[in-house]
Amino acid sequence: MQTEQQKNLWWQEEIIYQIYPRSFQDSNGDGVGDLRGIIQRLDYLQELGIKAIWISPIFESPMADFGYDISNYTGIHPLFGTMEDFDELLAEVHKRGMKLLLDLVPNHTSDQHPWFLESRSSRNNPKRDWYIWKDPKPDGSEPNNWLSMFGGTGWEWDEKTQQFYYHGFLKEQPDLNWRNPEVQEAMMNVMRFWLDKGIDGFRIDVIFHMIKDDQFRNNPQNPDYQPHMNKYDQLLPIYSTDQPEVHDIVAMMRQVADDYQERVLIGEIYLPLHKLVTYYGVNQSGVHLPFNFQLLVSPWDSQQIAIVIDQYEGSLPADGWPNWVLSNHDQSRISSRVGKAQARIAAMLLLTLRGTPTIYYGDEIGMRDVPIPAEEVQDPQGLNMPDLNLTRDPARTPMQWDDSTNAGFSPAKPWLRLPPDFKRINVKSQLQNPFSILNLYKRLIKLRQQELALKAGNYTPIFSDKQIISYTRAAAGTSFLIVLNLSHRPAYFKPQHFTFSGVVEIATYPELENLPVKDYINLGGDEGVIIRIDN
Ligand code: GLC
């Protein structure tokens, strides 16, 4: 059982909301979302109960990977606005008592970044060693077998200087050489620039990629590779990611953050649990929250999810704060992965588990992945491997605000299409409907904010079977029992070694609310309840 924390920090108690800025709100009629658009929608987020926002990259970029290829870490891309707009956004966020997190992309820059332009200009350039340059093998081939996440080899030949450079993602995203102290210092200065402005922290992109094997050994074949998978998964990236020395870099970043008050670092890490938790660092020297993607990558099966939760709880270091994520801009949305009815269960799970939840914009209205016709695909991952249905565009479509032109997102044709059902599925219509998923989210968030037991209380698993997951959350004499039916069939919750009596506080289908219950509860398919246990 976990011990209750006495004093919690904002990033432990509050919910993080991820905004993909291209798709949240367009304010200047170019079909792409922007910073002033976000300002216009802050009241909506406040009303929803959101206290912290993370915005995907807004920096100067050629947009080969939609902003994850940065050409100036301290400049705002004109598509999103100006630095004045940013300052205003930050002030407006803080005025509402909210927090703002930015995306830090330290593993790679754009190939148009002045650092890389210098680095590739000649072998003698002082910035040559800022990136990863290698000679070809004697037969002229790539230095090793490392692959790019976005298809093909990870090595790009540079005709002029007759060497290869390494890119774990697009060839337009060369990887920095983090073994070089000048690179380290330059990126720490980027962090200081934004922290000095007053931002509340960073989500750090592919933090586990930052350092590579110093001998550049070949990655081994992945015995579990299947032809439908991303070609990158043909190899196990054991030499190109998650190297022991990465933790020194993470610690360096943590020290920078710790020079400021209550700033948070969140690491984007796709690794098995036992490796993930090492990113908390020894004695809190790592990131505050290594993103926990277990609910994103695990099959939606009650027993597997129950195991995932318990394994995660059991793997955390004593001082490690948990966190949970259902969707993000790189993965299929939760409503598409588990269906509309189960998306309500997922919301109840996300907002009642122990740890900081992250909500991906639009999930609160049950937005689904939108099919994007082949000729409209924009994501390089989709374009480079067209037969594998890997495009991330479907989960990045414009926010559906109302039933007006382009769902109130923009007066102009949006950069990605909207689904035909946006006239029904949008914020405005759902606010008016007490049974909508949006109103479920709102009520769950409110309860969570009011109740210490849900925000920070102990987590105790009670029972799980082929349909049900159940657990309690308890603090300071208040406890809740959460019972979730992850199946579509009726389920009968009557645990043998656990008796209880209480009242249903929130149900995914509100008809059950206020029902007194004792020792058992019958749930319809896709039904979940939060029961307030009698004292
Ligand atoms: C991260 C981002 C993803 C991006 C990649 C390369 O995984 O979330 O969107 O494409 O890094 O920067």
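The values are calculated or read from the model by the stated rules, or taken from the named source; none is laboratory data. On a predicted model such as this, the values are computed, not experimentally measured, just so you know. In this analysis, Cβ positions are derived from the backbone assuming ideal geometry, glycine residues included, and neighbour counts consider all displayed protein chains. Protein only, heavy atoms only, side chains kept; ligands, DNA and RNA dropped before computing areas. Shrake-Rupley method; radii C 1.70, N 1.55, O 1.52, S 1.80 Å.
Say a paramagnetic label sat at a point 7 Å from the Cα of Q378, along Cα to Cβ; which residues of region 392-419 have their backbone N under 13 Å from it?
392-399, 410, 412-418
Students often check this: by mean Cβ neighbours within 10 Å, which of 88-95, 63-70, 409-416 ranks highest, and how do the rest follow?
For the peptides 88-95, 63-70, 409-416, the packing ranking is 63-70, 409-416, 88-95.
Rounded to whole Hz and in sequence order, give me ³J(HN,Hα) for region 459-471 from the Karplus expression 6.51 cos²θ - 1.76 cosθ + 1.60, θ = phi - 60°, writing x for Gly and Pro.
Residue by residue, region 459-471 yields 10, 9, x, 9, 6, 8, 9, 5, 10, 10, 10, 8, 7 Hz.
Among residues other than N230 whose Cβ falls under 13 Å from its Cβ, what is the net charge (Lys/Arg +1, Asp/Glu -1)?
Combined, the nearby Lys, Arg, Asp and Glu give -3.
Roughly how many whole Å is it from the C-alpha centroid of region 127-156 to that of region 508-535?
Here the answer is 57 Å between Cα centres.
Amide H neighbours of F59 under 5 Å, at least 5 residues apart or on other chains, H built in the peptide plane: list them.
H77
What does the accessible area of I132 come to, in Å² to the nearest 10, when a probe of 1.4 Å is used?
10
Per-residue counts of other Cβ atoms within 10 Å, averaged by peptide: what ranking do you get for 420-429, 348-357, highest first?
348-357, 420-429
Could you sort out which of K413/K442; K171/K231; K99/K413; K99/K442; K494/K518; K51/K340 sit more than 21 Å apart by Cα distance in this structure?
Correct reply: K413/K442; K99/K413; K51/K340.
Where both partners of a DSSP beta bridge lie in the chain, what percent of those bridges are antiparallel, to the nearest 5?
65
Would you work out if the chain is rounded, prolate or oblate? Take a ≥ b ≥ c from the square roots of the eigenvalues of the alpha-carbon gyration tensor; rounded if a/c is under 1.5, else prolate when a/b is larger than b/c, oblate otherwise.
prolate
Report, to the nearest whole %, how much of the accessible area of region 457-533 belongs to carbon and sulfur atoms, 1.4 Å probe, protein only.
53
Could you give me the ³J(HN,Hα) list for region 139-150, computed from phi with Karplus coefficients 6.51, -1.76, 1.60 and θ = phi - 60°, whole Hz, x at Gly and Pro?
Running phi through 6.51 cos²θ - 1.76 cosθ + 1.60 with θ = phi - 60° gives 7, x, 7, 4, x, 7, 8, 4, 10, 8, 4, 9 Hz.
L176's amide H: which non-local residues (gap 5+, or another chain) put their own amide H closer than 5 Å, with H modeled 1.01 Å from N in plane and none for Pro or chain starts?
H108, T109
For region 275-411, what class follows from the C-alpha gyration tensor (a ≥ b ≥ c being the square roots of its eigenvalues): rounded when a/c is under 1.5, otherwise prolate if a/b is larger than b/c, else oblate?
Prolate is the answer for region 275-411, as a/c is 1.5 or above and a/b outweighs b/c.
Tell me, what is the FRET efficiency for S285 and M229 to the nearest 0.05, using R0 = 30 angstrom and their Cβ-Cβ distance as r?
0.30
Is the shape of region 221-346 rounded, prolate or oblate, going by the alpha carbon gyration tensor and its root eigenvalues a ≥ b ≥ c, with a/c under 1.5 for rounded and a/b larger than b/c for prolate?
oblate
Would you mind checking which residues have amide H under 5 Å from M210's amide H? H placed 1.01 Å from N; only 5 or more apart, or other chain.
Placed amide hydrogens put D242 under 5 Å from M210.
Quick one: if the Förster radius is 41 Å, what FRET efficiency do N535 and E88 give, using the C-beta to C-beta distance and rounding to 0.05?
0.30
Counting pairs of alpha carbon atoms under 8 Å apart in space and at least six apart in sequence, what relative contact order in percent does region 457-533 give?
Reported as a whole number, the value is 32 percent.
What part of the accessible area of region 114-166, given as a whole %, is carbon or sulfur when the probe is 1.4 angstrom?
Looking at region 114-166 in its full context, I get 52 percent from C and S.
Residues of the chain: accessible area per residue at 1.4 Å, in Å²?
The answer is 39 Å² per residue.
Which lysines does K7 reach when only Cα atoms under 16 Å apart count, and residues fewer than 8 places away in its own chain are ignored?
Within the straight-line limit of under 16 Å, K7 reaches these lysines: K455.
Explain nothing, just compute: Karplus ³J(HN,Hα) = 6.51 cos²θ - 1.76 cosθ + 1.60, θ = phi - 60°, for every residue of region 67-78 in order, whole Hz, x for Gly and Pro.
x, 7, 10, 9, 9, 8, 6, 10, x, 8, 5, x
Give the lysines whose C-alpha is closer than 20 Å to that of K275, dropping any in the same chain fewer than 8 places away, or say none.
Partners within reach: K212.
Which order do peptides 463-469, 150-156 fall in by mean Cβ count within 10 Å, highest first?
Packing proxy ranking, top to bottom: 150-156, 463-469.
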